[in-house]
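Working notes, structure below.
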Amino acid sequence: MEKILVTGAAGQLGTELTQALVEKVGAQAVVASDINERAADRFTCAFEVLDVLDRDRMEEIIDAHGVTQVYHLAAILSAAGEKNPLFTWDLNMKSLLNVLELAREKQLNKIYWPSSIAVFGPGTPMVNTPQDCVMDPTTVYGISKLAGERWCAYYNKVYGVDVRSIRYPGLISYKAAPGGGTTDYAVEIYHAALKGETFPCFLEKGTYLPMMYMPDAIKATLDLMDAPEENIKVRSSYNVGALSFDPEGIYESIKKYIPEFEIEYHPDFRQDIANSWPDSIDDSAAREQWGWEPEYDLDTMTSHILDNLKVEK
Ligand code: SER
């Protein structure tokens, strides 16, 4: 029987992916872990406190639970990473190497590790960014994700580790808050709209970025992990696209439901990061090799979030 360990399970992606895994394979087959011990009561499966830099503790958890797959989600994101570059490098890289080494030593069945559109940079073609192209990331987060992609491909080629990865666009969700990303405005804007507040946007209008609604991100992840091993030709990380909009586009989408909503533009240091990232993504490899197809467009996402997000006014 498979047993799945999720690291960073209390994060924006982890919260929903862990729940989706529990629904798919049963609570007895999932172990959530996070550095935040107070997150334990969010989960219906087993929970372990884990600092992903602590390789011995990670090994202990894998052994104690008979873990066969790891979804290694713990990381520091783009904007937060710029405030502490060397620690971000250490956390993002050493933790991935801890997971890959344990996967090699213990012959774990499958590893999932998220990459990001942050692997791209100013030299990258910005529209319909290809799977393979110039990648010159300018953030320490992006550098760590690009290096991580190469390590994943290396462990697959040299040691046969079945590690799979997706370059997520900005992930939009309402169940758990994102932390320290450049695309977080597209989550915060819904909270402001429902509270009846003017939204101070930290990116300028016209800043197009690739984005994705969380249910599509969960579907992409589970579909990739379920695909037959021989279909997975990309062992660095797959481009996956869904939405592409700028702050004005999401604002207009919300105004269809909340006409009095207002936005102001106050770009900060995150504008430079956003300017270096693609506008939209060519995801034909994911579509051809494991059947990727998103479900939500901007307006269906907006209506779903506004119907479900509860804010304290
Ligand atoms: N959403 C992430 C960030 O903004 C990109 O992977 O850092």
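The values are calculated or read from the model by the stated rules, or taken from the named source; none is laboratory data. This structure is a prediction, so every number in the text was calculated from the model and none was measured. Don't worry about glycine lacking a Cβ; one is built from the backbone with ideal geometry, like all the others, and counts go over all protein chains shown. With ligands, DNA and RNA removed, areas are computed over all heavy atoms of the protein, side chains included. Shrake-Rupley method; radii C 1.70, N 1.55, O 1.52, S 1.80 Å.
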TODO: Scan region 130-167 residue by residue and report those that are out of contact with any helix residue (DSSP H, G or I) (no Cβ under 8 Å at 6 or more places or on another chain) and among the acidic types (D, E).
DONE: D132, D136
TODO: Check off (1) of a type outside the set (S, T, N, Q); (2) open to solvent by less than 20 Å² (accessible area, probe 1.4 Å); (3) near the ligand (Cβ under 10 Å from one of its atoms); (4) touching a Ser or Thr at 6+ places or on another chain (Cβ under 9 Å) for D184 and give me the number that stays unchecked.
DONE: (4)
TODO: May I ask you to verify whether N84 is within 16 Å of the ligand (Cβ to nearest atom) and surrounded by fewer than 16 Cβ atoms within 10 Å (Cβ to Cβ)?
DONE: yes
Open item on the list: Which condition from (1) surrounded by fewer than 22 Cβ atoms within 10 Å (Cβ to Cβ); (2) over 13 Å from Y141 (Cα atoms) is the one that V52 breaks?
Closed with: (1)
- [ ] Look through region 188-205, keep the residues that are within 14 Å of K310 (Cβ to Cβ) and open to solvent by less than 10 Å² (accessible area, probe 1.4 Å), and return whichever of them is farthest from the ligand (Cβ to nearest atom).
- [x] A193
Open item on the list: Pull out all pairs, ordered by first then second residue, where Cβ-Cβ is under 9 Å, the residues are six or more apart or on different chains, the first lies in region 26-45 and is within 17 Å of S95 (Cα to Cα) and part of a loop (DSSP other than H, G, I, E, B), and the second is of a type in the set (D, E) and open to solvent by 50 Å² or more (accessible area, probe 1.4 Å).
Closed with: I35/D51
- [ ] Note down all Cβ pairs under 8 Å where the first residue falls in region 105-120 and is surrounded by fewer than 18 Cβ atoms within 10 Å (Cβ to Cβ), the second is at pLDDT below 95 and part of a strand (DSSP E or B), and they're at least six residues apart or on different chains.
- [x] none
Open item on the list: Suppose the filter is within 16 Å of the ligand (Cβ to nearest atom) and either farther than 15 Å from G142 by Cβ or touching a strand residue (DSSP E or B) at 6+ places or on another chain (Cβ under 6 Å) (or both); does I117 pass it?
Closed with: yes
Task: Counted residues, region 139-181 - those being without any contact (Cβ under 8 Å) to a residue 24 or more places away in the chain and either crowded, with 22+ Cβ neighbours inside 10 Å or assigned to a helix (DSSP H, G or I) (or both) - done: 2
TODO: Look through Y185, Y174 and report the one residue that is in contact with a Cys (Cβ under 7 Å, 6 or more places away or on another chain) and within 18 Å of L306 (Cβ to Cβ).
DONE: Y185
- [ ] Being among the β-branched types (V, I, T) and within 18 Å of W277 (Cα to Cα) narrows it down to one of T198, T183, so name that one.
- [x] T183
- [ ] Would you point out which residue out of Y159, Y174, Y155 is more than 12 Å from the ligand (Cβ to nearest atom), within 24 Å of Q19 (Cβ to Cβ) and at pLDDT 95 or above?
- [x] Y174
